[in-house]
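**Q** Dumping the structure here so I can ask a few things about it.
The values are calculated or read from the model by the stated rules, or taken from the named source; none is laboratory data. The structure displayed is predicted, hence computed values, not measured ones. With ideal geometry, Cβ positions are generated from the backbone for all residues, glycine too; neighbour counts draw on all protein chains shown.
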Amino acid sequence: MVSRSRSLFDRSILFPAIRESFVKLNPRVQLRNPVMFIVEVGALVSIFYAFRDVRNGQASFDIAISAWLWFTVLFANFAEAMAEGRGKAQAEYLRRTKTDTIARRLVDGREERVPATQLRRGDRVVAEVNDLIATDGEIVEGAATVDESAITGESAPVIREAGGDRSSVTGGTRVLSDRIVYVVSANPGESFLDRMISLVEGAQRQKTPNEIALSILLAGLTIIFVIAVATLAPFSIYAGATPSVVVLIALLVCLIPTTIGGLLSAIGIAGMDRVLQRNVLAMSGRAVEAAGDVDTLLLDKTGTITLGNRQATEIIFAPGADETIVYRSAYFASLADETPEGRSIVTLSLSKGAGDGSTVLPAGAVVVPFSAYTRMSGVDYTDGSQLRKGAPDAVRAWVSQNGGGKTDVLAAEVDRIARAGGTPLLLADRGRILGCIGLRDILKPNTRVRFDRLRAMGIRTVMITGDNPLTASAIAREAGVDDFLAEATPETKMTLIKREQGEGRLVAMTGDGTNDAPALAQADVGVAMNSGTQAAKEAGNMIDLDSDPTKLIEIVEVGKQLLMTRGSLTTFSIANDVAKYFAILPAMFVAAYPAMDALNIMRLNPHSAILSAIIFNALIIVALIPLALRGVPYRPRGAEAVLRENVLIYGLGGIIVPFIGIKAIDLILGVLHLTGAS
Amino acid sequence: MTVVGWLQAAVVFALVCLLVKPVGAYMARVFEGERVFLSPVLAPVERGIYRLCRIDPAREMGWKPYAFSVVAFSLVSFLYLYVLLRVQAFLPLNPQGFGNLAPDLAWNTAISFMTNTNWQFYSGESTMSYLSQMAGLGWHNFVSAGAGIAIAIALMRGLSRRSASTIGNFWVDLTRAVLYVLLPIAVVGSLLLIWQGVPQNFSGYTTVKTLEGAAQSIPQGPMASQEIIKELGTNGGGFVNANSASTWENPTGFSNLIELVCIILIGGALTYTFGRYVKDQRQGWVLFAAMTTLFVAGFTAAYAAEAAGNPIVHALGVAGGNLEGKEARFGIAASALFATITTDASCGAVNAMHDSFTALGGLIPMFNMQMGEVVFGGDGSGFYGIIYYAILTVFIAGLMVGRTPEYLGKKIERREVQLAILAALVVPVFALVPAGIASVLPAGLATLNNAGPHGFSEILYAYSSMVNNNGSAFAGLSPNTWWNVSGGVVMLFGRIAIMIPVIALAGALAAKRAVPATAGTFTTTSPIFVVLLIGVILIVGALTFFPADALGPIVEHLLNQQGKQF
C-alpha cells in the first residue's frame, strides 16, 4: 500500500501520537484497560496526598511518584497511539481518494452526472477513459484496463471485463482505456474503500478472543495484587509501622502487570498493521489471530506451488518421423493457440529450429481452435492435409477415424510423461502420429524449503489441483507438500475443509472465483484475491491486494508472531515482580524493622528504592514499544525450540533485567541527589 | 542434618512412588466402573446403595447438576454434623458425659469437617463423644475426601472427553471413592495401627496414678479407625488434641511411616489416574514431577532450618537443632518431614508443634499452604488445584509458541482462563483479607498469645490453613466468636469457591473438541513445562503472600539472628 516503507518512528506519526497520548488520559478511555486505569487512579490519589503531605515534608516524594505514574499511563497511551498512527496516516490518504468523485449514472439509457455519494445499490454507471470508478460494482458491459494503484499500490493496470471472475471494480480506481458499464453493489459508507478506511484506522477495532482472555487473566492478577497490597496496610499497623498510601500505591503499580497491560492493545493493532504492510486487508483482528493457529494450509497448485501454467519441455518424434517436420508441425499446430501452454510449445519448437523455413502459415490455411468437445487444436491446409495436437486418446481416435495406421506409437513415452506428473500431448497429421509433446509444471523456486519451514511450525500443507491423481501426486512429491486434493471441485474442496475442521484443525485457504466463495467462508482464514470476484471478496476474512496466493504463508507467520509477542511480554511482565518485591518491601518496612535491610539484596538507597522501582516500571514500557510494534523476532521452528528461547529471554530475562535496571536507576538518582525526602 | 534423617524421608517417598502406579491405575478402573479385585465383595454393596438412594448409575450429569449435587450434599452433611454436635449430650456412646457444643464452635467444627479442613478449636478428648467422633466426624472424614476425589475425577473426564455434555455422576463417583478407595485402605491401615498400639475401644477413660502420685486420666476410644482416615482422607482432625504427636494416635516410628505415606498416597496416585484418563501417562508424571520438586525443596528447607536450630538457644550454650515442641521419638527429621508433608497435602495432622519451629522452619509449612496445597495436595483438591495452575501456565507460556494455547488438545480460551483465575483468586482473597481484619481487630487480637512478628505469623498461618482446608495450626490462638465465625466462613469459601469454578471448568473442557497435536503445539510433557508450572505456582500463587510473609516469619528470622525473640 501507499506507506509501506514508513519507518517505525516516522515524524508524521510520532508527533500526533504524542498529542494523542494526552488525549487518551481521559478516564473513560482508560476504563477499557483495568490495569492502566488503576495506575491512573493511583496517580490522582498520589497528587491528593502530595497536597496533604506539604506540611510533613513528604510532598516531594508524593509528587515524584505521582509524576512517574502519570508517565506510566502516558507511555502506555503513546504505545497505542503509535500503533494506531500508521493506520491513521493510511486512512487519511485513502480518504483523499474518495472525495468529490462525480459518477455518470444511467437512467433509462440517459446519462446524468451525480456525486458518488448519491449512488445506491443497483444503479447503472458508465465509466470511460480517465474516469474514476465512483464506488464498488460489477461490470455488466464492456471491458477496460483499470489502474488500481490507489487501492493496491500496484502500478501495472489490470483488465476488468463483464462476465467471469474479473468483473468486479472497486471505488477509487481509474479507467485507463475503453468504456464499461457497471452496476453499483454497495451503498454509500459500505464500499470497499469505506471498509478499508475504517479497518486501517482501527475505528471498528474490537478486542480479539485471545486478547479478551488475556485481559481477563491480567484483571484477575490485578485483583490479587490489590488484595495483597491493600492488606499490607493493616499488617503494617500491626507491625507498628504507619503505612503510607503513596508507598502502597507505588508497590501496587509495580506488581500489577503494567508492562503487558500498557502494551497489549498496541501489540494487537501492530499485528493488524503488519498484515496491512504486506498489502493484505484483514477484516478483523480475529482473522489475524486465527492465522497463527492454522493447522492446515490449502494451497492452489497454480500460482502458489507452480509458476502459472504448464510449459512444454520436450518434443519427441515418432519412429521414422522427420525431425524438422515434427518441429514445424508442432509449431503450426500451436500457432493459433493463445493459451500459455500453446505459447510455450511455439517457443520450444522455435528454439529447436521450427522457424528455419517460414514462420508464417501458408496462405489459405485455416486454424482450428481448441474445443472442449474435440480436445484438440490444429490447422487445416488448403491441400486437404490436416495437423492436430491434443489429448492422446483424442488424437489416437482422430488418426484411426481417418484410416491412419498404428495408433499405439509413442505409448510408452505418453505414459512416462503422465507418470512424472506432466501432461502428454500427441501430434499427428491425418495418417499418422508424428510426435509427442511433454508439458510440465515448473515449480516456483524454493517451494520445498517453504514447505519444510511450514512443517517445522506444525502446519500441514495440502495442494489443491484440478489435475488427475497421478499427475497431482507427482507434483506433490516434487514440491514437498504433505497431501494433495486432485481433480478438485468447489464441492470436494468444501468437503476437505469440513473434514479437517471436524478433526479440530483450523484451515486457511486462498481463492478468487465465485465458486470459491462458500469454501472461503467456511475456512477459518479465507484470503480472497483482490483480482477476484465480489462474491469471493465478501466471503473471505482477508483480501490480498496483490492477489498473490503465496502470501498466505506470510499471514500465518504474522499471526504466530502476534501471539508470541503477547505471551512473551506477559511472561516478562509477571517475571519482573520478583525484583520489585525486593526493591520496595525492605524500603517500606526498614523503619519498623531495621533487620528487613537484609532483604535489600540490591543494596538500594532506602530513600530512593521505591522511586527507582516506579521509574523502571515506567521506562520499561517505553523500552519495549519497538518490540511491541515490530513483534518478537520470529523464525519458523518447532514449538519446543521457540518456547525454550522465549522462556530464556523473556522469562529468565524478565527476572534478571529489573534487578539490573532498578539498581542502575537507583545509582543515577543517587548521583543526581534525587533520593527523595529527608 | 543427618544421613538417617534423609533416609527417613527417602523411605517415605520411595514407598509413595511404589504405590502411585498401582493405586492410580486401580482408581482409574474403579471410576470407569470396570471390574477390580474387590468387585465380588463391593459391587453388591454398591448396587445396594444405588437402589437405596434411588441413583441411576448410568445417568451422567452436566457440570451444573454435578456442582449442585456437591453443594447440596455438603450442605446436608454440614447440617447433620451441626445438629449432632449440638445434641451429643442426649445421645449414646458418651461415656465421659461430654456436653453439647456451643453454637459458634459447632458451626466452626461442622464447616471444618465438611470442608475437609479439620481445623479444631477444641480438644477432642475433652469435647467429643464417641458417637460424635465416629458417626459425625468420621462420616465427614470419608465423604469430604470422597467428594474431593469425585471432583478430581470429573475434571479428568472433562480433560479427556471430546464434545461431551456430561462429566459423570457425582453420587456414583462419591460412592465409589468411599467404597472402593478409602474404605479398603482404611481397614487395612487401621489394623496396622492397632498392631502398633493405637487404641480401638469404647471404654471410658482410664485414671491412673503417676509416679509422682498425681491422678491422670488417659483417654480411650475408637482411635485407630479415625486415625487412618485422618491421614488417608487428608483430613487431619485428631481424636485427641495432641494429634499425631500423641503416643496414642502415633505411637511408633512405623505408625509414623504409615501415616506419612497415607497423607500423600491419594494425591500422588491421582496424577497416575489422570494419565490413564487422558491416555498419556507422561501428562500425569509431569504433574508428579512438579509436585516432587516442590516437596523436596520444602523438606530440604524445613529440615535445614530445624537442624540448624535457634541462634538464641545456641547463645545460651546449647548446641544442636531445634527440638522444642518435638517428640523425642520422632526427632528433627521426621518432624520436619511430617510438617512438610501435612501442609503439602491438605492434611493438617501434626506430629510436632509447628508454632515451636524456627522462624524459617515454620515458614515452610505456611508457604506450602499458600501455594494452594498443590504439592500432592488434599484428596482430589490437590489435583484440581494443580490443574488450574497448569491451565494458567499453558495460557501464559503457550502463547509464546505462537498459537492459541492448548492443554491436552483443548483450546484454552476466555472461559477457561476466567474459571482458572477465579479459582486462583480464592486463596489470596480469603486468607489475606480476614488476616488483615484480624490483625487490627480487637476481637482478633484478644486471644493471641504471642506478640510481634510471631503473633502475626500465627494469624497468617491460621487463615492460610483454613482457606486451603488444611487444618493444622500454629497454635497461639484461642477460640472466640470472631475466630469461630470468620474461620468457618473462610473454610467454606476456601472449599466451595474453588470447587464450583473447577466443576464448571470440567464442563467447559468436556464440551470442547480436541485439536490434534502438531510440531507447533506447546507440549505439556517436557521438563520445561515442569519448570514453567513451578514458576507459575511460585510467582502467581505464593509470591502474593511474600509481603505478608516478610512481616511474619521472615522478619522474625532476621530478628532471631540478631538475638531477639517473641
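**Q** How about the stretch A:588-621: which of its residues are within 21 Å of A:I63 (Cβ to Cβ), away from chain B (no Cβ under 12 Å) and in a helix (DSSP H, G or I)?
**A** A:A609, A:I610, A:L611, A:S612, A:A613, A:I614, A:I615, A:F616, A:N617, A:A618, A:L619, A:I621
**Q** Among the residues of the stretch A:113-131, is any surrounded by 17 or more Cβ atoms within 10 Å (Cβ to Cβ) and among the acidic types (D, E)?
**A** yes
**Q** Go through the stretch A:199-238 residue by residue and tally those that are within 15 Å of A:G271 (Cα to Cα) and at the interface with chain B (Cβ under 7 Å from one of its Cβ atoms).
**A** Total meeting the criteria: 2.
**Q** Identify all residues within the stretch B:407-417 that are buried (at least 20 other Cβ atoms within 10 Å of the Cβ) and facing another protein chain (nearest Cβ under 9 Å); write none if there are none.
**A** Those that are buried (at least 20 other Cβ atoms within 10 Å of the Cβ) and facing another protein chain (nearest Cβ under 9 Å): B:K411, B:I412, B:E416, B:V417.
To keep it simple, each residue is scored yes or no on (1) among the hydrophobic types (A, V, I, L, M, F, W, C); (2) within 27 Å of the chain's Cα centre (by Cα); (3) under 23 Å from B:I437 (Cβ atoms).
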position	(1), (2), (3)
A:D194	no, yes, no
A:I197	yes, yes, no
A:I212	yes, yes, no
A:A230	yes, no, yes
A:S236	no, no, yes
A:L255	yes, no, yes
A:M283	yes, yes, no
A:A290	yes, yes, no
A:T296	no, yes, no
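**Q** Identify, by number, the condition in (1) part of a loop (DSSP other than H, G, I, E, B); (2) touching a helix residue (DSSP H, G or I) at 6+ places or on another chain (Cβ under 7 Å) that B:T247 doesn't meet.
**A** Condition (2) is where B:T247 drops out.
**Q** Then there's this: Write out, first by first residue and then by second, each pair whose Cβ atoms fall under 8 Å of each other, whose residues are 6+ apart or on separate chains, and whose first residue, in the stretch A:562-576, is facing chain B (nearest Cβ under 7 Å) while the second is of a type in the set (S, T, N, Q).
**A** A:L563/A:N210; A:L563/B:T404; A:M564/A:N646; A:R566/A:N210; A:G567/A:N646; A:S568/A:N646; A:T571/A:N646
**Q** Hey, can you tell me all the residues within the stretch B:541-553 that are at the interface with another protein chain (Cβ under 7 Å from one of its Cβ atoms) and either touching a residue at least 40 places away in the same chain (Cβ under 8 Å) or within 19 Å of B:H314 (Cα to Cα) (or both)?
**A** B:T544, B:A548, B:L551, listed by residue number.
**Q** Would you mention how many residues in the stretch A:599-649 are on the phi > 0 side of the Ramachandran plot and among the aromatic types (F, W, Y)?
**A** Final tally of qualifying residues: 0.
**Q** Quick one: what pairs do we get from the stretch A:616-638, first residue buried (at least 18 other Cβ atoms within 10 Å of the Cβ), second part of a helix (DSSP H, G or I) and of a type in the set (K, R), C-beta under 6 Å, 6+ apart or different chains?
**A** Qualifying pairs under 6 Å: A:P636/A:R453.
**Q** Further question on the same structure: For A:D415, indicate whether it is surrounded by fewer than 21 Cβ atoms within 10 Å (Cβ to Cβ), of a type outside the set (S, T, N, Q) and modelled with pLDDT of 80 or more.
**A** The answer is yes for A:D415.
**Q** Taking the stated definitions as given, is B:S464 closer than 28 Å to B:D379 by Cβ, within 12 Å of chain A (Cβ to nearest Cβ), crowded, with 24+ Cβ neighbours inside 10 Å and touching a residue at least 12 places away in the same chain (Cβ under 8 Å)?
**A** Against the criterion (closer than 28 Å to B:D379 by Cβ, within 12 Å of chain A (Cβ to nearest Cβ), crowded, with 24+ Cβ neighbours inside 10 Å and touching a residue at least 12 places away in the same chain (Cβ under 8 Å)), B:S464 does not qualify.
**Q** Here's a follow-up. Tell me, yes or no, whether the stretch A:525-538 has at least one residue that is in a strand (DSSP E or B), on the phi < 0 side of the Ramachandran plot and within 14 Å of chain B (Cβ to nearest Cβ).
**A** yes
**Q** From the residues in the stretch B:151-184 that are of a type in the set (A, V, I, L, M, F, W, C) and under 21 Å from B:V261 (Cα atoms), which one is surrounded by the fewest Cβ atoms within 10 Å (Cβ to Cβ)?
**A** B:L183
**Q** Return the only residue of A:S385, A:S344, A:S329, A:S377 being in contact with a Lys or Arg (Cβ under 7 Å, 6 or more places away or on another chain) and crowded, with 21+ Cβ neighbours inside 10 Å.
**A** Result: A:S377 is the single residue among A:S385, A:S344, A:S329, A:S377 that is in contact with a Lys or Arg (Cβ under 7 Å, 6 or more places away or on another chain) and crowded, with 21+ Cβ neighbours inside 10 Å.
**Q** Residues A:L454, A:L443, A:L427: which one is within 14 Å of chain B (Cβ to nearest Cβ), of a type outside the set (D, E, K, R) and touching a strand residue (DSSP E or B) at 6+ places or on another chain (Cβ under 8 Å)?
**A** Matching residue, one of A:L454, A:L443, A:L427: A:L454.
**Q** Is there a residue in the stretch A:517-524 that is of a type outside the set (F, W, Y), over 30 Å from A:A664 (Cα atoms), touching a Ser or Thr at 6+ places or on another chain (Cβ under 8 Å) and surrounded by fewer than 22 Cβ atoms within 10 Å (Cβ to Cβ)?
**A** No - not one qualifying residue is present in the stretch A:517-524.
Residue by residue, here is whether (1) modelled with pLDDT under 90; (2) closer than 23 Å to A:T339 by Cβ; (3) surrounded by fewer than 24 Cβ atoms within 10 Å (Cβ to Cβ); (4) among the aromatic types (F, W, Y) holds:
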{"site": "A:R440", "(1), (2), (3), (4)": "yes, yes, yes, no"}
{"site": "A:D452", "(1), (2), (3), (4)": "yes, no, yes, no"}
{"site": "A:G511", "(1), (2), (3), (4)": "yes, yes, no, no"}
{"site": "A:V527", "(1), (2), (3), (4)": "no, no, no, no"}
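**Q** Let me ask something else about it. So is B:A269 surrounded by 24 or more Cβ atoms within 10 Å (Cβ to Cβ), farther than 30 Å from B:T523 by Cβ and either touching a residue at least 24 places away in the same chain (Cβ under 8 Å) or within 19 Å of the chain's Cα centre (by Cα) (or both) or not?
**A** Criteria not met by B:A269.
**Q** Another question about this same structure. Check B:I386 against each of (1) within 22 Å of the chain's Cα centre (by Cα); (2) at pLDDT below 95 and name the one condition it does not meet.
**A** (2)
**Q** Looking at (1) touching a Phe, Trp or Tyr at 6+ places or on another chain (Cβ under 9 Å); (2) in contact (Cβ under 8 Å) with a residue 40 or more places away in the chain; (3) not small (G, A, S), which is the one condition that is false for B:V178?
**A** Of (1) touching a Phe, Trp or Tyr at 6+ places or on another chain (Cβ under 9 Å); (2) in contact (Cβ under 8 Å) with a residue 40 or more places away in the chain; (3) not small (G, A, S), only one is false for B:V178: (2).
**Q** Of (1) within 7 Å of chain A (Cβ to nearest Cβ); (2) out of contact with any strand residue (DSSP E or B) (no Cβ under 8 Å at 6 or more places or on another chain), B:V426 satisfies all except one. Which?
**A** Checking B:V426 against (1) within 7 Å of chain A (Cβ to nearest Cβ); (2) out of contact with any strand residue (DSSP E or B) (no Cβ under 8 Å at 6 or more places or on another chain), the one that fails is (1).
**Q** Further question on the same structure: Test of understanding: among B:I391, B:I421, which residue is within 11 Å of another protein chain (Cβ to nearest Cβ), free of Cβ contacts under 8 Å to residues at least 40 places away in the same chain and either buried (at least 24 other Cβ atoms within 10 Å of the Cβ) or of a type outside the set (A, V, I, L, M) (or both)?
**A** Matching residue, one of B:I391, B:I421: B:I421.
**Q** Scan the stretch A:464-478 and give yes if some residue there is under 20 Å from A:A291 (Cβ atoms), in a strand (DSSP E or B) and not polar (S, T, N, Q), otherwise no.
**A** yes
**Q** Within 14 Å of chain B (Cβ to nearest Cβ), farther than 15 Å from A:T304 by Cβ and assigned to a loop (DSSP other than H, G, I, E, B), is that true of A:R505?
**A** yes
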